[in-house]
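No lab work stands behind these numbers, since they all come straight from the coordinates. Everything quoted here is computed from the prediction, not taken from an experiment. As a convention, Cβ positions derive from the backbone with ideal geometry for all residues, glycine included, and neighbour counts pool all protein chains shown.
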Amino acid sequence: MADKKEIKMDRVVFEKRNRKNGFIDVAQTASGDMVAIPVIEVRGKEDGPLFLVDSCTHGDEYEGSEAIVQIAEHLANADFKGTFVGIPALNVEAYRANTRASITDQMNMNRVFPGAPKYITQRVAAKYFNEVMKKADFIVSFHGGGNVLHLEPLTGYFPPDTEVGKKTYEMAKAFGFKYTWRMQNIPFDGASTLETMKLGIPTLTPEIGSHCGRLHDWKKNVELCKQGILNTMIFMGMMSGEIKRPDELIDIELQYFHTNDGGRHEILKDRNEKVKEGEALARIKDLFGNVVSEVKAPTDGVILGFYSVPVINPGDWSILFGKIL
């Protein structure tokens, strides 16, 4: 009888000792190649939980993807229990195009879970949700700033008002980012983490980085992601070792501040800077340099991210703001 935790791959492209790389096929394209989900599986020396880590549900968020590949190399020679399953790029089409959403149907994959047998993005989500996510004992789903945002490292968790919520909150603190993000009042449906939490599977959403920090923060951010994976494995009893985390953990509610107007986006506060209610955080200037509007802090808090492209459009996210809890 097959292990109920086994992840079935349609095509295995590499297998050596305890590591296997392959693909779960979803559909064939008009050119004859496959829409598929890449999978890395590394099995420990003893039985134990299945730990699932994915990245690039949004195709332009790469820090977690690099961490998954590097951690898989490390675990192939490490002593641990259970199975590590890494998905380095869930939305491969968006990954290779360096875009947030899918190209074929223009869908945001992290708004369509648990998926449906309809458009291709929905079909990839359904295949992944039913054949992979449901088999996991706990999950880390990496996200980030992508092409137009910058985000300081923060770990999203759902409010600890249920047993799975309490477990997820403890995982978030162990993961090791400075900021832990209480994800209440999410203004959209269809996120993968929302659906897995409904199944009782503890799931984290680390957010980190952006392309604007590619030259300066890339190695640091990848290392933070790798350490977060190892911290989670230690916390969940998959391996021995010391959990490494910052001296201070700050619990926040993340708020996205939108612009009323478009124009040149001038950021007035630095990342990690604490601000007071009413302070101007960013201003929008027209083509002639005139200030047309400002983004102001509605409460005291801390700057956790910003729109990183010089020109912004009406309604775009300007500042990502942490209300300290």
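Overall, the chain carries a charge dipole of about 520 debye about its Cα centre when +1 sits on the Cβ of Lys and Arg and -1 on the Cβ of Asp and Glu, all other atoms neutral. Bridge orientation summary for the stretch 39-112: considering DSSP beta bridges with both residues in this region, about 40 percent are antiparallel.
With the convex hull of its Cα atoms as the shape, the stretch 11-235 has an orientation-averaged projected area of 12.0 nm². Based on the reciprocal of the average 1/r between different C-alpha atoms, the Kirkwood radius for the stretch 209-297 equals 16.7 Å. Treating each Cα of the stretch 254-324 as an identical point scatterer and summing with the Debye formula, the log10 of I(q)/I(0) at q = 0.21, 0.28 Å⁻¹ comes to -0.78, -1.29. Footprinting exposure proxy ranking of E170, E248, fewest other C-beta atoms within 10 angstrom first, gives E248, E170. Let me confirm the definition first: pairs of Lys residues in the stretch 254-324, 8 or more apart or on different chains, C-alpha distance under 14 Å. How many are there? Final tally of qualifying lysine pairs is 6. Counted by neighbouring Cβ atoms within 10 Å, the residues L194, L75 run from fewest to most as L194, L75. Radius of gyration over Kirkwood radius for the stretch 84-160, both on Cα atoms: the Rg/Rh ratio is 0.97. Counting Lys +1, Arg +1, Asp -1, Glu -1, what net charge surrounds I87 among other residues with beta carbon under 12 Å of its beta carbon? Its environment carries a net charge of -2. Beta bridges assigned by DSSP with both partners in the chain are antiparallel in approximately 70 percent of cases. For the chain, adding -39500 (n - 2.57) for each run of n ≥ 4 DSSP H residues and dividing by the number of residues yields -7000 deg cm²/dmol at 222 nm. Count Lys and Arg as plus one, Asp and Glu as minus one, and take only other residues whose Cβ is under 14 Å from that of T121; the net charge is then +3. Sorting H216, H74, H265 by the number of Cβ atoms found within 10 Å of their own Cβ, with the fewest placed first, yields H216, H74, H265. Taking R17, R182, R264 in turn, the Gaussian network model of the chain (Cα-Cα springs below 10 Å) assigns the largest fluctuation to R17.
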